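The values are calculated or read from the model by the stated rules, or taken from the named source; none is laboratory data. Predicted model only: the values in this text are computed from it and were never measured. Cβ placement follows ideal geometry from the backbone for every residue including glycine, while neighbour counts extend to all protein chains displayed. For the accessible areas, the whole protein counts, side chains as well, though only heavy atoms, and no ligand, DNA or RNA atoms are used. Shrake-Rupley method; radii C 1.70, N 1.55, O 1.52, S 1.80 Å.
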Amino acid sequence: MKNKKLYIVMVGLPARGKSTIASKLKENLVKDGTRTRIFNNGNLRRRFTRDDTSYPEFYDPKNIEAAALREKIAIINIERARHYLGNEGQVALLDATNVSLKRRKTVTSLLKNHTLLFLECINNHKDILEASIQRKISLSEFRHMEREAAIQSFKKRIDYYNTIYKPLQDERNFVKLDSLNNQILEEVITGDIPYYERIRDFLVTDTVKNLFLIRHGETYFNLENRIGGDSGLTENGKGQAGKLAGYFKKRKTPVIFTSKKKRTIQTATPIKRLQKDCIVIPLEEFNEIDSGVCECMSYGEIREKMPHVYRERKKDKYNYIYPDGEGYVSMKERVDRGIKKALYLSTNSQNIMIIGHRAVNRMILSHFLYRRKEDVPFIYIPQDKFYHIVATQDKKLFQLKKYEL
Ligand code: F6P
């Protein structure tokens, strides 16, 4: 298999996760000793022309001049990929939208010498798309524009691509991937595709290089053993957040996900402050378990005033659902959704941080490390330590670490 060669041609509208998948895939293949290179049209376009190519009409298929330039760039990359596989290369990844039949015909006709696999990335979740666009407009090509104008410009670019978008259908070998959920939606494989077992497994695996899973610092509610609510950090809690900030100062953390609750955002604030480039993204999927009629009560009060709740929960903590609230069992779906969003939005960051809550962090931990359901509600989630999680195709690591220096 070592001397077999493969072209992988990415397909999909802008902001669908193509580049992230391409670069993670490359990293995995390289780790296996497979010589792999990415040929990205966007990067080549930015290097090729000094002219501004960020304005939406540049992507209008009816803009003859711009379309010719884009075609030229695509062909340069196709030729480079061909040259690479003609020499030492084993896998060439063509990273571009490739949404039109015309473009795919060009690719197919120029790359006949080795197996060709099309990989279409699909993701139409509205909020994910919005968040991806926010990240896209931080690229240097949008620096000269106001935020809102840049967002509108990027959306218009997507609309132009949509006018020529033809999903994969008749290609010889293709995979359609739900790029948010790592789920293969359709797979048409005719014949032997080099490296395919490895690639397929990669596509459906949640990979995270370094996930730092932190529980918020101490709150006023914690002092009284009260649950839920939206309490702020105590002085001690702020001190813990400060120590976390010191610990992570030298560990580049470009993105911190929190819940929408004050206590997690307050914990993230000093950490962000000591980072060079860092954004905080609050996700409601990471909000703490909703304890319904018991919100803001202490465990003692629940036992006293609602003994049936206390008793029933004790009997089967995982499956118990608080009246008008949630249980571990019913939180699972939304927490999993939050994890998918976080992984998707953190693109290629080496380090990702999630600052959550006790129950939420138990669910996150059990997403990566299998635990029996009945044990999940008892996983240890302290406030003076955090979990360092690595989950890739080749390595799984879970380490509880102290952050105090
Ligand atoms: O006490 C803090 C807290 O995060 C509460 O808000 C939440 O209801 C609870 O922990 C979850 O832990 P358990 O499921 O063990 O009650």
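Can you list the trypsin sites (Lys or Arg not before Pro) in region 116-205 that are in a DSSP coil and have 11 or fewer other beta carbons within 10 angstrom? Please list the in-between numbers first.
Working: sites: K126, R135, K136, R143, R147, K155, K156, R157, R172, K176, R198, R200; in loops: R143, R172.
The qualifying sites are R143.
Taking region 53-100, which GluC sites (Glu not before Pro) meet the DSSP loop condition and have no more than 10 other C-beta atoms within 10 Å?
Working: sites: E57, E65, E71, E79, E88; in loops: E88.
When the GluC sites (Glu not before Pro) of region 53-100 are filtered for loop state and at most 10 Cβ neighbours within 10 Å, E88 remain.
Setting aside same-chain residues fewer than 8 positions from K317, which lysines have a Cα under 16 Å from its Cα?
Of all the lysines, those that pass the test against K317 - Cα under 16 Å, at least 8 places apart if same chain - are K332, K373.
Pulled fully out, how much extra length does the chain show between S23 and V188, if you take 0.36 nm times their separation in residues and subtract their Cα-Cα distance? Show your work: numbers first, answer last.
Numbers: separation 165, 0.36 × 165 = 59.40 nm, distance 2.29 nm.
Result: 57.1 nm gained on full extension.
Using modelled backbone amide H atoms (1.01 Å from N, in-plane), which distant-in-sequence or interchain residues come within less than 5 Å of N40's amide H?
Placed amide hydrogens put D95 under 5 Å from N40.
At a Förster distance of 35 Å, what's the computed FRET efficiency of K156 paired with D375, Cβ-Cβ distance as r, to 0.05? Display every interim value, and only then the final one.
Details: r = 50 Å, r/R0 = 1.44.
So the FRET efficiency works out to roughly 0.10.
Any chance you could run the full-extension gain for I75 through K396? It's 0.36 nm times the residue separation minus the Cα-Cα distance, nm to one decimal. Kindly include the intermediate steps, with their values, before the conclusion.
Numbers: separation 321, 0.36 × 321 = 115.56 nm, distance 4.04 nm.
Here the answer is 111.5 nm.
Once the Cα atoms of helix 358-368 and of the chain are each reduced to a long axis, what angle between those two axes, in degrees from 0 to 90 to the nearest 10, is obtained?
Approximately 40 degrees, to the nearest ten.
Using a Förster radius of 35 Å, what is the FRET efficiency between R50 and R200 based on their Cβ-Cβ separation? Nearest 0.05, please.
On the way: r = 41 Å, r/R0 = 1.17.
That gives a FRET efficiency of 0.30.
Of the chain, which part is the longest with no chymotrypsin sites (Phe, Trp or Tyr not before Pro) in a loop (DSSP not H, G, I, E, B) and with at most 12 other C-beta atoms within 10 angstrom? List each step's numbers first, then the result.
Numbers: sites that count: Y370, Y380.
Result for the longest clean stretch: 1-369.
Are there any trypsin sites (Lys or Arg not before Pro) in region 1-108 that are in a DSSP loop and have at most 12 other Cβ atoms within 10 Å? List them by number. Present the calculation step by step, with values, prior to reporting the outcome.
On the way: sites: K2, K4, K5, R16, K18, K24, K26, K31, R35, R37, R45, R46, R47, R50, K62, R70, K72, R80, R82, K102, R103, R104, K105; in loops: K2, K4, K5, R16, R35, R50, K62.
The qualifying sites are K2, R50, K62.
May I ask you to evaluate 6.51 cos²θ - 1.76 cosθ + 1.60, the Karplus curve with θ = phi - 60°, for each residue of region 202-218 and list the ³J(HN,Hα) values in order in whole Hz, giving x for glycine and proline?
4, 4, 9, 9, 6, 10, 9, 6, 9, 10, 9, 9, 10, 9, 4, x, 4
Under 9 Å from the Cβ of C278, count the other residues' Cβ atoms, weight Lys and Arg +1, Asp and Glu -1, and hand me the total.
Working: positive: K252, K272, R273, K276; negative: D277.
Net charge in that neighbourhood comes out at +3.
Take the Cβ-Cβ distance between E57 and K126 as r, set R0 to 22 Å, and report the resulting FRET efficiency rounded to the nearest 0.05.
On the way: r = 25 Å, r/R0 = 1.13.
So, using R0 = 22 Å, E works out to roughly 0.30.
What figure, in Å² to the nearest 10, do you get for the accessible area of T269 with a 1.4 Å probe and non-protein molecules left out?
Accessible surface of T269 is approximately 60 Å².
Here is the link list: K272/K396; K18/K340; K31/K155; K24/K402; K102/K155. Which ones come out longer than 25 Å on Cα distance?
On the way: K272/K396 27 Å; K18/K340 16 Å; K31/K155 36 Å; K24/K402 30 Å; K102/K155 23 Å.
Going by Cα-Cα distance, K272/K396; K31/K155; K24/K402 fall outside the 25 Å limit.
On a 1.4 Å probe surface of the protein chains, which of E295, E141 comes out largest in accessible area, and what is the full order?
On the way: E295 60, E141 25 Å².
Heavy-atom accessible area, descending, gives E295, E141.
Expressed as a rounded percentage, what relative contact order does the chain have, with Cα pairs under 8 Å and six or more residues apart?
In percent, rounded to a whole number, it is 17.
Could you give the nm distance between label points at Y165 and A68, where each point is 7 Å from its Cα heading toward the beta carbon?
Output for this residue pair reads 2.9 nm.
How far is it, in nm, from the label point at K276 to the one at N113 when both lie 7 Å from their Cα along the line to the Cβ?
For K276 paired with N113, the spin-label model returns 4.1 nm.
On the principal axes of its Cα set, how long, how wide and how thick is the chain? Give whole Å, largest value first.
Extents along the principal axes, in whole Å: 75, 47, 41.
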